[in-house]
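*Asks:* One structure coming up, written as structure tokens, with questions to follow.
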Amino acid sequence: MQRSGSKHEILREIFGYDSFRPNQEVVIDALNCGRNVLAVMPTGSGKSLCYQIPALMHDGITIVISPLIALMRDQVNALKLAGVDADTINSSSEPRANYAVLERLKTGSLKLLYLSPEKLMTESMLDILKQQKLTLFAVDEAHCISQWGPAFRPEYADLAQLHVLFPKTPILATTATADEVTRSEIKTRLFADKAEVHVQGFDRPNIKLSVCAKAGDKRQLLDFLTPHKGTSGIVYCLSRKKTEATAILLESWGFRTLTYHAGMDKDTRDTNQSIFMTEPGIVMVATIAFGMGIDKSDIRFVLHADMPGSIETYYQELGRAGRDGKPAQAHMLFGLDDIRLRRLFIDAEDAGEDRQRRERQRLNALIGYCESPNCRRRALLAYFGEHIDACGNCDLCLDPVELADGTEYARMALSAIYRTGQRYGAVHIVDILRGNLTRKVSSAGHDQIPTFGVGDEVASQEWRALLRQLVSSGYLVQDIAAYGGLQITASGLDLLKGNCTFEYRKPTKTTRSSTNRQTNISSVAAHLSDDDIVLLDRLKVLRLQLAKERAVPAYVIFPDRSLEMMAQNRPTTPAEFSQIIGVGAVKLRDFAEIFLAEITGTPDGTG
């Protein structure tokens with residue numbers, strides 16, 4: 001049955017489809033003309049046909065690079081069932097079987113060969129391929145090559161040599177998850193910037209989106225899962241321990257569950273995945289170790305029992321639901337502890353400062369999505385550079401939350417951003433709005449602009465929440481590729497000029513007042529920005545120095561919660577310092593000047 005032919009003949013006779021899906025044909029045509037292509041297409045949109053059809057249209061072999069053995073095996077089996085000469089060489093196969101495939105490769109009888117990046121980039125494999133007639137290279141899950149992406153795989157880095165070693169062979173890179181920064185990185189590393197980029201769009205309108213703050217996880221889990229009983233779904237948990245506990249809990253409620261996490265032995269993981277893929281009505285409770293390459297069409301829900309680490313990760317995971325186009329739901333529970341833990345994970349990662357900075361910005365973007373004042377889907381897609389009207393299929397469209405008029409505050413913020421050149425991040429803008437005379441503000445002369453101190457009655461936490469919501473609502477964009485600078489969009493300019501209004505969700509804490517002393521401290525710690533955390537570290541060093549001088553434990557000077565409030569609220573006067581929890585009359589007298597000097601960056605602490 002396998003033969004060369006037109007793309008439409010192959011589509012119909014081998015794969016059984018009468019027409020192409022959006023974007024497939026334009027990618028196929030570009031490859032047939034010998035051009036490199038980066039194709040960003042949603043999960044379930046048929047990315048694999050974009051390289052399988054060109055492979056069958058031409059003499060020669062197509063090399064498909066995939067990060068997962070299970071994914072390679074599934075695709076090879078599907079192609080064999082369609083009568084296509086496809087195979088894989090991988091570490092899970094018997095040496096004799098791999099040798100047989102290698103011989104078929106040498107004789108030119110294969111049309112598609114699936115390899116891991118490690119197997120492909122061995123000297124022996126590259127030497128063999130140089131002797132073959134190659135149709136193209138297809139790099140699946142291409143976001144793994146971006147060192148700035150949350151799914152970076154070091155073994156993908158060597159693929160950057162392909163365009164040098166095989167300059168006449170076109171390369172296709174496919175992914176469902178890549179923001180503008182990641183797309184740019186893929187294009188540079190894999191193609192030396194010589195490639196067409198086709199972005200189909202990120203919307204999955206059949207998936208209902210919803211987010212809920214944690215308030216008694218067990219009850220919330222049961223309320224969400226009960227309507228989905230008997231259907232296939234995935235529950236993502238942050239830790240292995242919670243994965244196991246959640247599976248036991250769901251079993252007690254009558255759900256059929258399986259678990260999947262990196263702490264399990266490989267055979268058990270593979271068995272559980274196989275059962276989930278082939279049998280209906282199973283809930284897979286898993287960590288992020290589960291999911292890449294999962295092609296099960298009838299997953300009706302994805303529940304994040306804990307907040308993921310970035311919007312890209314979240315989008316990729318929710319995209320496993322509803323691949324058949326039928327209604328599905330993606331629900332997330334998030335809490336302050338999630339934010340704290342995610343920040344700790346980033347800080348503990350063995351990565352350079354640039355990567356950590358970008359990961360913090362990505363996390364902040366996800367927090368902004370969770371706090372979005374209106375249409376959840378619009379906020380999600382705006383992150384990927386796609387703009388839509390209200391979707392009508394998310395929790396905020398179907399059940400709007402109570403909002404406060406933030407027009408005046410929004411214009412203050414936009415004015416500060418505009419007057420400072422649209423290149424500073426949220427922390428600096430908040431310092432300007434609250435009148436915090438930091439070294440950075442002073443050296444840039446931003447204490448002289450009209451918006452300096454105009455919002456001093458609003459707490460830092462609320463200003464940051466407002467800025468995040470201006471981003472998620474499309475009035476601002478954040479430059480994740482650099483230092484998180486905020487830039488005003490066309491909609492933001494309309495708001496700044498007074499042509500529209502802005503409503504936002506206020507955080508629990510709104511203003512600086514004596515009630516700060518009763519602030520929930522876990523809330524304070526969770527809402528510290530990256531710059532706040534840097535300041536907190538300096539305050540802890542200062543506290544330790546003072547404690548050693550006085551021969552007392554550090555907490556006697558101030559407990560951690562006092563330092564956290566200092567880092568967040570950034571008092572600039574003794575009166576403001578007196579509002580910090582743990583500051584009595586004596587400590588105000590003995591320590592205010594010393595700590596204010598560290599906070600404001602001035603010799604005497606007067607600002």
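*Asks:* Under 9 Å by Cβ, and 6 or more places apart or on different chains, what pairs join a residue from the stretch 112-139 that is outside the structural domain of Ala173 (by TED's automatic domain parsing) with one that is modelled with pLDDT of 95 or more?
*Replies:* Sorted first by the residue in the stretch 112-139, then by its partner, the list stays empty.
*Asks:* Within the stretch 80-103, is there a residue that is part of a helix (DSSP H, G or I) and under 27 Å from Phe191 (Cβ atoms)?
*Replies:* Residues of the stretch 80-103 part of a helix (DSSP H, G or I): 80-81, 95-103.
If we keep only those that are under 27 Å from Phe191 (Cβ atoms) too, we end up with none.
No, the stretch 80-103 contains no residue that is part of a helix (DSSP H, G or I) and under 27 Å from Phe191 (Cβ atoms).
*Asks:* Out of the stretch 104-142, which residues are assigned to a loop (DSSP other than H, G, I, E, B) and surrounded by fewer than 16 Cβ atoms within 10 Å (Cβ to Cβ)?
*Replies:* Hits for the stretch 104-142 are Gly108, Ser109, Thr122, Lys130, Gln131, Lys133.
*Asks:* Could you grab the pairs with beta carbons closer than 7 Å, sequence gap of 6+ or different chains, first residue in the stretch 172-199 and under 24 Å from Asp354 (Cβ atoms), second one part of a helix (DSSP H, G or I) and β-branched (Val, Ile, Thr)?
*Replies:* Ala173/Ile186; Ala178/Ile186; Ile186/Ile145; Arg189/Ile145; Leu190/Ile145
*Asks:* When you look at Ala416, is it in contact with a strand residue (DSSP E or B) (Cβ under 8 Å, 6 or more places away or on another chain), part of a helix (DSSP H, G or I) and closer than 28 Å to Met565 by Cα, yes or no?
*Replies:* In short, no.
*Asks:* Taking Val524 as meeting all but one of (1) crowded, with 19+ Cβ neighbours inside 10 Å; (2) assigned to a helix (DSSP H, G or I); (3) at pLDDT 85 or above, write down the number of the exception.
*Replies:* (3)
*Asks:* Next question. Any idea which of (1) among the hydrophobic types (A, V, I, L, M, F, W, C); (2) closer than 25 Å to Gly385 by Cβ; (3) in contact with a helix residue (DSSP H, G or I) (Cβ under 8 Å, 6 or more places away or on another chain) is the one Ile61 doesn't satisfy?
*Replies:* Condition (2) is where Ile61 drops out.
*Asks:* Right, another one. Can you tell me which of Lys326, Lys266 is basic (Lys, Arg) and under 22 Å from Phe224 (Cβ atoms)?
*Replies:* Going through Lys326, Lys266 in turn, just one is basic (Lys, Arg) and under 22 Å from Phe224 (Cβ atoms): Lys326.
One line per residue, one yes/no per condition, for (1) more than 28 Å from Ala379 (Cβ to Cβ); (2) surrounded by fewer than 22 Cβ atoms within 10 Å (Cβ to Cβ):
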position: Pro170; (1), (2): yes, no
position: Asp179; (1), (2): no, no
position: Thr182; (1), (2): no, no
position: Arg189; (1), (2): yes, yes
position: Glu196; (1), (2): yes, yes
position: Gly201; (1), (2): no, yes
position: Cys212; (1), (2): no, yes
position: Phe224; (1), (2): no, yes
position: Gly263; (1), (2): yes, yes
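*Asks:* Also, I was wondering about something else. Show the residue pairs that are 6+ apart or on different chains and have beta-carbon atoms under 6 Å apart, the first residue being within the stretch 56-79 and farther than 20 Å from Met125 by Cα, the second being modelled with pLDDT of 85 or more.
*Replies:* So the pair list comes out as Leu56/Ile10; His58/Thr135; Leu79/Ala86.
*Asks:* Step by step: first the residues of the stretch 432-453, then only those that are farther than 10 Å from Ala413 by Cβ and of a type in the set (Val, Ile, Thr), then the one that is surrounded by the fewest Cβ atoms within 10 Å (Cβ to Cβ). Which residue is that?
*Replies:* Applying the first criterion (farther than 10 Å from Ala413 by Cβ) to the stretch 432-453 yields 434-450, 452-453.
Then drop every residue that is not of a type in the set (Val, Ile, Thr), which leaves 438, 441, 449.
On the way: Thr438: 23, Val441: 22, Ile449: 17.
Filtering first and then ranking leaves Ile449.
Quick grid of which residues meet (1) basic (Lys, Arg); (2) in the same structural domain as Gly309 (by TED's automatic domain parsing); (3) part of a loop (DSSP other than H, G, I, E, B):
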| site | (1), (2), (3) |
| --- | --- |
| Lys218 | yes, yes, no |
| Pro227 | no, yes, no |
| Gly230 | no, yes, yes |
| Ile234 | no, yes, no |
| Lys241 | yes, yes, no |
| Thr246 | no, yes, no |
| Glu251 | no, yes, no |
| Gly254 | no, yes, yes |
| Thr259 | no, yes, no |
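*Asks:* Follow-up. How many residues are on the phi > 0 side of the Ramachandran plot and of a type in the set (D, E, K, R) if we restrict to the stretch 185-244?
*Replies:* The total comes to 1.
*Asks:* Name the single residue, out of those in the stretch 279-299 being modelled with pLDDT of 85 or more and among the β-branched types (Val, Ile, Thr), that is surrounded by the most Cβ atoms within 10 Å (Cβ to Cβ).
*Replies:* Filtering first and then ranking leaves Val285.
*Asks:* Further question: Of all the helices (runs of 4 or more DSSP H) wholly in the stretch 334-396, which have at least 3 residues that are over 18 Å from the mean Cα position of the chain (by Cα), within 25 Å of Ile488 (Cα to Cα) and not β-branched (Val, Ile, Thr)?
*Replies:* So the answer is none; nothing clears 3.
*Asks:* Looking only at the stretch 171-189, which residues are more than 13 Å from Ala39 (Cα to Cα) and either assigned to a strand (DSSP E or B) or at pLDDT 90 or above (or both)?
*Replies:* Hits for the stretch 171-189 are Thr188, Arg189.
The values are calculated or read from the model by the stated rules, or taken from the named source; none is laboratory data. All values derive from a computational prediction rather than experimental measurement. Note that each Cβ is placed from the backbone with ideal geometry, even for glycine, and that neighbours are counted across all protein chains shown.
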